[in-house]
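Down below is the structure, laid out as structure tokens.
Please treat every number below as a calculation from the coordinates, not as lab data. Please read these numbers as outputs of a predicted model, since none were measured by experiment. Neighbour counts are summed over all protein chains in view; Cβ atoms, including those assigned to glycine, are modelled from backbone coordinates with ideal geometry.
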Amino acid sequence: MQIGQAAKASGASAKMIRHYEAMGLVAPAGRRDSNYRDYTAEDVARLRFVRRARDLGFAIERIRDLLALWSDRGRSSAEVKRIALDHIADLEGRIAGMREMVATLHHLADGCAGDGRPDCPIIEGLAGKNATAAARTAPTARDNPRRAEPPRP
């Protein structure tokens with residue numbers, strides 16, 4: 001099948017298929033007499049595997065490892081599980097970091113009056129000044145009843 005058909009069947013765009021080929025995640029497709037790429041069902045299965053692994057956030061090197069394990073029918077599932085658990089730990093660490101960022105931004109935004117005054121704990125926090133103290137002492141929406149709080153998502 002041609003690259004457009006392989007893209008549709010695998011869920012990866014033609015551009016990503018070429019990228020995966022360039023990175024060595026997928027072997028370059030054979031060529032027809034017309035010089036069009038010719039993808040097999042095995043190629044499409046490998047493309048699906050790579051796309052799904054990318055969708056789950058695996059790094060390219062881990063995808064290489066997983067592809068090698070997928071190809072090795074004598075593999076131990078312990079190695080596959082270790083890679084998955086390591087990735088889960090990495091994702092949980094990133095999520096925790098993002099939650100801290102959200103909490104910090106909420107704290108700074110809650111301390112910002114959001115009115116015509118120039119003092120802003122958000123700017124001070126981004127500038128590296130004592131954002132915590134600035135947020136605690138800055139007027140809030142409660143101090144200005146005419147200021148409506150924007151809805152939080």
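Filter the trypsin sites (Lys or Arg not before Pro) in the stretch 1-60 down to the DSSP loop ones having no more than 12 other Cβ atoms within 10 Å, then list what survives. Of the trypsin sites (Lys or Arg not before Pro), the ones in loops of the stretch 1-60 whose Cβ has at most 12 other Cβ atoms within 10 Å are Arg32. Annotation: for a label point projected 7 angstrom from Cα along Cα→Cβ of Leu56, residues of the stretch 24-48 with backbone N closer than 18 Å are 25-26, 45-48.
The stretch between Ile88 and Met23 holds 21.0 nm of extra length on full extension. This uses 0.36 nm per residue minus the Cα-Cα distance.
Calculate the FRET efficiency for Asp33 and Gln2 from the Cβ-Cβ distance with a Förster distance of 22 Å, rounded to the nearest 0.05.
On the way: r = 13 Å, r/R0 = 0.60.
Calculated transfer efficiency: 0.95.
Between Asp119 and Lys81, the contour length at 0.36 nm per residue exceeds the alpha carbon distance by 8.5 nm.
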